[in-house]
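Here the structure is laid out as structure tokens; the discussion comes afterwards.
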Amino acid sequence: MPGKNLLAVLAALLLIVAACGDDDDDASSTATTVTEAATTTTTTGDEGGGASVSVVLSDPFGPAGTPGQFAVEPDPSSAAAGQVEFVAKNEGGDLHELVIVKGDDPASLPVDEDGVVIEEELPEGDFVGEIALVDPGTEESASFDLDAGNYVLFCNILTQIGNGESHFQEGMVNTLTVT
């Protein structure tokens, strides 16, 4: 079975190459997140910048004793251009996501009849990426290469209760300035 031996040798070589890769903790890597609605590719690494933005995602359905409202709260509200790590912390009771698009005014984003941003209708190049499906009480992170400019951060989930509830329309939106 020469074919099986060749496959075994190729698999072993791939493992050796992977093991001999850069052991530097800052090495670049690519992660892909696939959801029912979108595919997101994020790049993390040492391409420059190095800023970190913590983003609290909240809603009125948070843990008992923590009254809240729908909100996206970045801290800090500005970052240096280059690789920016976003840490999305869901402090609410609903499932949330963090979508990042280049733009100055959240009101100018195209929305459908339910108040959900139509990501496919954004101007080409404005969609940066997203951290999809952040469960209540958890945090997820991803890094994106951002140029100087203004960005809109929002949750684009539509909760299907009654007529539906657009998290974006309920106020889960904010801005970030990149210098």
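A few remarks follow.
- All of (1) over 16 Å from the mean Cα position of the chain (by Cα); (2) outside any strand (DSSP E or B) hold for Phe168 with one exception: (1).
- Residues that are out of contact with any Asp or Glu (no Cβ under 8 Å at 6 or more places or on another chain), within 25 Å of Ser52 (Cβ to Cβ) and of a type in the set (A, V, I, L, M, F, W, C) occur in the range 138-147; there is at least one.
- Pairs meeting the criteria (first residue in the range 152-174 and farther than 16 Å from Leu133 by Cα and modelled with pLDDT of 95 or more, second residue of a type in the set (A, V, I, L, M) and in a loop (DSSP other than H, G, I, E, B), beta carbons under 7 Å, at least 6 apart or on different chains) are Val152/Leu109.
- Among the residues making up the range 138-154, a single one is under 17 Å from Ser77 (Cβ atoms) and not in a strand (DSSP E or B): Ala148.
- Which numbered condition Pro110 fails, given (1) crowded, with 18+ Cβ neighbours inside 10 Å; (2) out of contact with any Phe, Trp or Tyr (no Cβ under 7 Å at 6 or more places or on another chain); (3) not acidic (Asp, Glu): (1)
- Selected residue (criterion: surrounded by the fewest Cβ atoms within 10 Å (Cβ to Cβ)) from residues of the range 140-165 that are hydrophobic (A, V, I, L, M, F, W, C), more than 16 Å from His96 (Cα to Cα) and under 17 Å from the mean Cα position of the chain (by Cα): Phe144
- One residue alone among Ala132, Ala107 is farther than 14 Å from Thr177 by Cα, within 17 Å of the chain's Cα centre (by Cα) and not aromatic (Phe, Trp, Tyr), and that residue is Ala132.
Per-residue answers, yes or no, for (1) without any contact (Cβ under 8 Å) to a residue 40 or more places away in the chain; (2) of a type outside the set (A, V, I, L, M, F, W, C); (3) assigned to a strand (DSSP E or B):
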position: Pro63; (1), (2), (3): no, yes, no
position: Gln69; (1), (2), (3): no, yes, no
position: Glu85; (1), (2), (3): no, yes, yes
position: Asp94; (1), (2), (3): no, yes, no
position: Glu97; (1), (2), (3): no, yes, yes
position: Val101; (1), (2), (3): no, no, yes
position: Glu113; (1), (2), (3): yes, yes, no
position: Val128; (1), (2), (3): yes, no, yes
position: Pro136; (1), (2), (3): no, yes, no
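The values are calculated or read from the model by the stated rules, or taken from the named source; none is laboratory data. Treat the numbers as computed from the prediction; the structure is a model and nothing was measured. Neighbour counts are summed over all protein chains in view; Cβ atoms, including those assigned to glycine, are modelled from backbone coordinates with ideal geometry.
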